[in-house]
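S.K.: Can you read through this structure? Questions will come right after.
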Amino acid sequence: MSLKEIFCQDKAIDILQKALVADKAAHAYIFTGPEGVGKLKTAKQRAKLLLCKNPTNENNFADSCDSCESCQLFDAGSHPDFNPIYKELIQFTKDGKTKTTPVDMPIDVIREFLIAKVPTKPTLSKKRIFVVTEAEKLNASSQNSLLKILEEPPEYCTIILLCTRLEKLLPTTKSRCQTIRFGPIDENIIIEKLKQTGLAPEKTEYFARLAQGSLGQAEQWAKLELAEANLYETKKQLIDSLAQYQYADALELAQWISNQIKSTAAVWIKLDENTSTTDIKRRTAKIIIQIIISALHDAMTCSVTPQKPIFNSDQLQKIKILANRLDPELAAEKISVCYKSMRWIEANVNEKLIFEQLLLNLAVSDTIKL
Amino acid sequence: MKVNFNRTALADALALVTSAVPSRTPKPILKCVRITADKKEVRIYATDLEVGINHLITEVQVEQPGDIVIPADRLSAIVRESVDEVLAMQADEGTCQITGADSHFTVYGQQASQYPAVPGFDGEADIEINLENLQLGIEQSLFAAAKESTRYALNGVLWEIKGKKLSLVATDGRRLARAKVNLLSAPGEKIEAKKLVIPAKTMALLDKIGSSDKDVVAVKLVDNQIIISCENVVISSNLIEGNFPKYEDIIPSDYTKKLTLPTEAVASAVRRSALLTSEESRGIKLSVGKKSLIFSCRAPETGDAQIELPVEHKVEPIEIGFSPQFFIDALRVIKTPEFDLELDQPDRPGLIKSGANFIYVLMPINLG
């Protein structure tokens, strides 16, 4: 893998390349953009290029050679000068043995794996690269502890923060880094990629659309689906229930959703042992909300511009029922309710309560005609 | 790979090498040691990517050369607990069989090709030092290095090479120790007048090398790394970036009050006077009287202690406060029966000197 194999992020890569050619590469970057659009991939390839001993340069496009000692070690994941920072490192910190994986990025990880490592000169290459994943989870004290290093790292040091929510970073952090934006990925490419995994066509199309340009998410869902997490089945049933949803069903449906989340998360946890279980449960809960949003969105589209493609084209009948019951304006209101619930998931609220509240809210108006 | 080891030699080598193995690391392969068998000899490697070590073992019979990477803690436990004189090790495809007279272990290892490279020592040395002298120097400086300072350079020990002398300097901002070590020959041009900051872990590792008084340490600077070789051991280490403070300015040179004191007796007096210190009042007071030295401490909730040490001197009376721990740290590494204590005003640091090579600057505490 090398930089030129990264697709759909031409603008971001162009900025990085130009900086390198002009010898003005920043010492600290923020890569920001939605989840699963290639931020980590780009950061890794950028690191590989910076560490590479014989970088190639074709048509002014610098890239790693993929064959030197540095590149090979990098691909094997054992490059001594490449330091990925992620919150699960907590178990390797001084008294981290007993700690469960936290929700925030713990300051101990930042201190022991970033701040303490920066002053040691690189071993193999001329550079030392730090890539902080999930930088939006850095709390204020972690960010403050980073300020000095972001301001003035040693010349051999490059720090890349990967961030899905730029507003979570302090202005002091942002002003010390160059921000590079990553956009969503073309749906056709996502469909193409999902097809390669061997996923059934109707599932492929649905997941690709639901991911809204996030290839990483779509691939993750495909992986879950192939591991028989029955996400697609859940979605079908959920939309069925939404179509004929009544106020009285709220609690029962919430319970059902909770159970679905549990079973899906269980499959996910088995697939991905390194990620914290809380995180996985939250992500699963978010998928369910995304599915609800997609249904509401479809209902809007159906009544306003019926010719436009919708998410749930496989359940058009149900969507039409839903569209009959919700006028576009109301659907938009419900969508904003959904987004509010999405934020609660991040904020440690009991998951079952979130869904009960959400479903009660979805039904509470008498505009849902029976 | 097929090798017969002398168990004691292997155990000794492992004891040193495994101290470089990191106790916590996200990369499991670093918790392993790599054992490489050549035609006649075996090398054991360990690294945490910052400090690397390799140890040559010659007391072996190599039947078949090869390479294996196996967990360090398991291997050293097996070797430590074994009672045999000879241990046979046979390895292929990631498994390692260790056989003693009545025992047989199969240990699963990892791919040798994925183990990070640990540099060896090739070519000419830039400087050469007697191991015993260097270890004394390390003992007399390392203890003063900061443990977790955000000023990174303070977490290491400064190596300053001037002429045929190597100064080892460490400080944590409250005290500073400098030990001078004689070089065996004039330093190479590349390293002359250079200031290197070496991580504390590397220094501690150097200190652990078993020494006989004739061993010579060869030191070499390659890119960002320092490579140190001594007999069968080669240690490589990254350097620490950052400027070590200008420590010369801190060492006072204008002091007139000089006391020559017995090391043992003062150490005992400091220890005893510190017995009643408490969280709030940690310092001890040193009062220079007419014919004696009084160490005392007073803590409001525990009581007070006073130890009087008769001393012949011509210094004017003065009272000054010190941290007893920092005081004892220095006295512990002084090898001479007597040392010099130089003082000035109570708000200026105390200066401890022993022989020509050891200087210790100790900041006073305000006991008011």
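The values are calculated or read from the model by the stated rules, or taken from the named source; none is laboratory data. As the structure is a computational prediction, the values presented were derived from the model and not from experiment. Glycine gets a Cβ as well: all are built from the backbone with ideal geometry, and neighbour counts include every protein chain shown. All accessible areas refer to the heavy atoms of the entire protein, side chains included, with ligands and DNA or RNA removed. Shrake-Rupley method; radii C 1.70, N 1.55, O 1.52, S 1.80 Å.
S.K.: Over segment A:3-181, average the accessible area per residue using a 1.4 Å probe and give it in Å², no decimals.
M.R.: Ligands and nucleic acids excluded, the figure is 45 Å² per residue.
S.K.: On to the next question. List the longest stretch of chain B that has no exposed loop site; here a site is one of the GluC sites (Glu not before Pro) assigned by DSSP to anything other than H, G, I, E or B, with at most 10 other Cβ within 10 Å.
M.R.: The answer is B:1-92.
S.K.: Using θ = phi - 60° and the Karplus relation 6.51 cos²θ - 1.76 cosθ + 1.60, list the HN-Hα couplings for segment B:37-45 in order, rounded to whole Hz, with x at every Gly or Pro.
M.R.: 9, 9, 5, 10, 9, 10, 10, 10, 10
S.K.: Tell me, what is the 1.4 Å probe accessible area of B:K208, in Å² to the nearest 10?
M.R.: Here the residue's solvent-accessible area equals roughly 120 Å².
S.K.: Now, a different point. Using only the alpha-carbon atoms, how far is helix A:201-210 inclined from the longest principal axis of chain A? Give it as 0 to 90 degrees, nearest 10.
M.R.: 70 degrees
S.K.: Given a 1.4 Å probe and every protein chain left where it sits, what share in percent of the accessible area of segment A:3-181 is carbon and sulfur?
M.R.: On segment A:3-181, the fraction of accessible area on carbon and sulfur atoms equals 50 percent.
S.K.: Something else: Would you please report the Å³ per residue occupied by the convex hull of the alpha carbon atoms in segment B:2-114?
M.R.: 89 Å³
S.K.: Here's a follow-up. Could you state the angle between the C-alpha long axis of helix A:215-226 and the longest principal axis of the C-alpha atoms of chain A, as a value from 0 to 90 degrees rounded to the nearest 10?
M.R.: 60 degrees
S.K.: Also: Compute the Cα gyration tensor for segment A:1-67, then decide on rounded, prolate or oblate, letting a ≥ b ≥ c be the square roots of its eigenvalues: rounded whenever a/c is under 1.5, prolate when a/b is larger than b/c in the other cases, and oblate in all that remain.
M.R.: prolate
S.K.: Give me the distance in nm between label points sitting 7 Å out from Cα along the Cα-to-Cβ direction at A:N230 and B:D92, one decimal.
M.R.: Modelled inter-label distance: 4.9 nm.
S.K.: Which order do you get for A:C157, A:C65 if you rank them by accessible area with a 1.4 Å probe, largest at the top?
M.R.: Greatest to least solvent exposure: A:C65, A:C157.
S.K.: Over the protein assembly as shown, what per residue volume does the convex hull of the Cα atoms give, in whole Å³? Could you put the intermediate results ahead of the total?
M.R.: Working: hull volume 169.0 nm³, N = 738.
Hull volume over Cα atoms, normalised by residue count, gives 229 Å³.
S.K.: Here's another thing I want to ask about it. Using θ = phi - 60° and the Karplus relation 6.51 cos²θ - 1.76 cosθ + 1.60, list the HN-Hα couplings for segment B:155-164 in order, rounded to whole Hz, with x at every Gly or Pro.
M.R.: 7, x, 10, 7, 9, 10, 10, 9, x, 9
S.K.: Farthest toward the dipole's positive end in the protein assembly as shown, which of B:T18, A:G38, A:N57, given Cβ charges of +1 (Lys, Arg) and -1 (Asp, Glu) about the Cα centre?
M.R.: A:G38
S.K.: Where in segment A:57-74 is the amide nitrogen less than 16 Å from a point lying 7 Å along the Cα-to-Cβ axis of A:M1?
M.R.: Hits in segment A:57-74 for A:M1 at 16 Å: A:64-67, A:71-74.
S.K.: Classify segment B:1-41 as rounded, prolate or oblate, taking a ≥ b ≥ c as the square roots of the eigenvalues of its Cα gyration tensor: rounded when a/c is under 1.5, otherwise prolate if a/b is larger than b/c and oblate if not.
M.R.: It comes out oblate by the Cα gyration axes.
S.K.: Once you order the gyration tensor axes a ≥ b ≥ c over the Cα atoms, which shape class does chain A get: rounded for a/c under 1.5, otherwise prolate or oblate by comparing a/b with b/c?
M.R.: Prolate, because a/c is 1.5 or more and a/b exceeds b/c.
S.K.: Still on this structure, please answer the following. Semi-axes of the equivalent ellipsoid of segment B:82-164: what are they in whole Å, largest first, if each equals the square root of 5 times a C-alpha gyration tensor eigenvalue?
M.R.: 41, 19, 18
S.K.: Can you compute the FRET efficiency between B:Q325 and A:E202 using 1/(1 + (r/R0)^6), with r the Cβ-Cβ distance and R0 = 56 Å? Round to the nearest 0.05.
M.R.: FRET efficiency, B:Q325 to A:E202: 0.15.
S.K.: Here's another thing I want to ask about it. Tell me the per residue accessible area of segment B:116-191 using a 1.4 Å probe; a whole number in Å² is fine.
M.R.: Heavy-atom SASA per residue in segment B:116-191 reads 42 Å².
S.K.: Straight distance only, please: which aspartates and glutamates reach the Cα of A:K87 with their own Cα at less than 14 Å, same-chain residues fewer than 8 apart left out?
M.R.: Result set, ordered by chain and number: A:D104, A:D108, A:E112, A:E134, A:E136, A:E273, A:D279.
S.K.: Additional query: Over 24 Å between Cα atoms, which of B:K165/B:K194; A:K4/A:K148; A:K174/A:K340; A:K11/A:K203 qualify?
M.R.: Numbers: B:K165/B:K194 12 Å; A:K4/A:K148 33 Å; A:K174/A:K340 26 Å; A:K11/A:K203 31 Å.
Exceeds cut-off: A:K4/A:K148; A:K174/A:K340; A:K11/A:K203.
S.K.: Would you mind computing, in nm to one decimal, how far apart the modelled labels at B:E308 and A:N139 are, each placed 7 Å from Cα along Cα→Cβ?
M.R.: 5.7 nm
S.K.: Further, regarding this structure: In debye, nearest 20: dipole of chain B around its Cα centre with unit charges on the Cβ of K, R (+) and D, E (-)?
M.R.: The dipole magnitude comes to about 800 debye.
S.K.: Is there a quick way to get the dipole size of segment B:224-368? I mean about its Cα centre, with the Cβ of Lys and Arg at +1 and of Asp and Glu at -1; what is the value in debye to the nearest 20?
M.R.: 340 debye
S.K.: Kirkwood Rh over Cα pairs of segment A:112-246 into Stokes-Einstein at 10 °C, 1.306 mPa s: D in µm²/s?
M.R.: D, rounded to a whole number, is 87 µm²/s.
S.K.: So what is the 222 nm mean residue ellipticity for chain B from helices alone, if each DSSP H run of at least 4 adds -39500 (n - 2.57) and you divide by all residues, rounding to the nearest 500 deg cm²/dmol? Walk me through the numbers on the way to the answer.
M.R.: Working: 6 runs with 63 residues, N = 368.
Rounded to the nearest 500, it is -5000 deg cm²/dmol.
S.K.: Now for a separate question. Compute the normalised compactness of segment A:227-362: alpha-carbon radius of gyration over 2.2 N^0.38 Å, N being the residue count.
M.R.: My calculation over the Cα atoms of segment A:227-362 gives 1.05.
S.K.: Please report how many Lys pairs in segment B:253-362 have alpha carbons closer than 15 angstrom, counting only residues at least 8 apart along the chain or sitting on separate chains.
M.R.: 11
S.K.: Ok, one more. Provide the FRET efficiency to the nearest 0.05 for the B:A186-B:A356 pair, computing r from the beta carbons and using R0 = 22 Å.
M.R.: The calculated FRET efficiency here is 0.65.
S.K.: Once the Cα atoms of helix A:39-51 and of chain A are each reduced to a long axis, what angle between those two axes, in degrees from 0 to 90 to the nearest 10, is obtained?
M.R.: That works out to roughly 10 degrees.
S.K.: Which Cα, out of B:G52, B:A101, B:P71, lies furthest along the positive dipole direction of segment B:2-114 (beta carbon charges, K/R +1, D/E -1)?
M.R.: Highest projection toward the positive end goes to B:G52.
S.K.: If you wrap a convex hull around the alpha carbons of segment A:314-367, what volume per residue comes out, as a whole number of Å³? Kindly include the intermediate steps, with their values, before the conclusion.
M.R.: On the way: hull volume 4.8 nm³, N = 54.
Residue-normalised Cα hull volume stands at 90 Å³.
S.K.: For segment B:230-349, what is the largest minus smallest coordinate of the Cα atoms on each principal axis, given in angstrom and ordered from greatest to least?
M.R.: Here the spans come out as 52, 36, 30 Å, largest first.
S.K.: I've got another one for you. State the answer as a single residue: which of B:V311, B:V181, B:I198 lies farthest towards the positive end of the charge dipole of segment B:180-332, with beta carbon charges of +1 for Lys and Arg and -1 for Asp and Glu, about the Cα centre.
M.R.: Result: B:V311, furthest along the dipole toward the positive end.
S.K.: Still on this model: Could you give me the radius of gyration and the Dmax of segment A:58-128, taking only the C-alpha atoms into account and expressing both in angstrom?
M.R.: Reported Rg and Dmax, both Å: 15.6, 52.
S.K.: Let me ask something else. Please give the net charge around B:N243, taking every other residue with its beta carbon less than 10 angstrom from that of B:N243, where Lys and Arg add +1 and Asp and Glu add -1.
M.R.: It works out to a net charge of +2.
S.K.: Follow-up question, since we're still on this one. List every residue whose amide H lies under 5 Å from the amide H of A:A211, counting only residues 5 or more places away in sequence or on a different chain, with H placed 1.01 Å from N in the peptide plane.
M.R.: The list, which skips near neighbours in sequence, is empty: none.
S.K.: Report P(r) for chain B: all Cα-Cα distances, bin width 10 Å, range 0 to the bin holding the largest distance, values in whole percent.
M.R.: So the P(r) values, bin by bin, are 5, 21, 24, 20, 16, 9, 4, 0.
S.K.: Using a 1.4 angstrom probe, figure out how much accessible area segment A:262-338 has per residue, in square angstrom, rounded to the nearest whole.
M.R.: Dividing the accessible area of segment A:262-338 by its residue count gives 47 Å².
S.K.: Provide the descending list of Cα extents for segment B:127-248 along its principal axes, expressed in whole angstroms.
M.R.: That gives 37, 29, 24 Å along the principal axes, largest extent first.
S.K.: If you don't mind, another one. Leaving ligands, DNA and RNA out of it, report the carbon-plus-sulfur percent of the accessible area of segment B:151-237 at a 1.4 Å probe.
M.R.: 46 percent
S.K.: Checking an interface number: how much accessible area is buried between B and A, summed over both chains, with a 1.4 Å probe, in Å² rounded to 100?
M.R.: The B and A chains share an interface burying roughly 1800 Å².
S.K.: While we're here: Dividing the Cα radius of gyration by the Kirkwood radius, what Rg/Rh value follows for segment B:192-285?
M.R.: 1.12
S.K.: Same structure again: If you place +1 on the Cβ of every Lys and Arg and -1 on the Cβ of every Asp and Glu, how big does the dipole about the Cα centre of the protein assembly as shown come out, in debye to the nearest 20?
M.R.: Roughly 1280 debye for the protein assembly as shown.
S.K.: For segment B:282-368, what is the largest minus smallest coordinate of the Cα atoms on each principal axis, given in angstrom and ordered from greatest to least?
M.R.: 42, 26, 23
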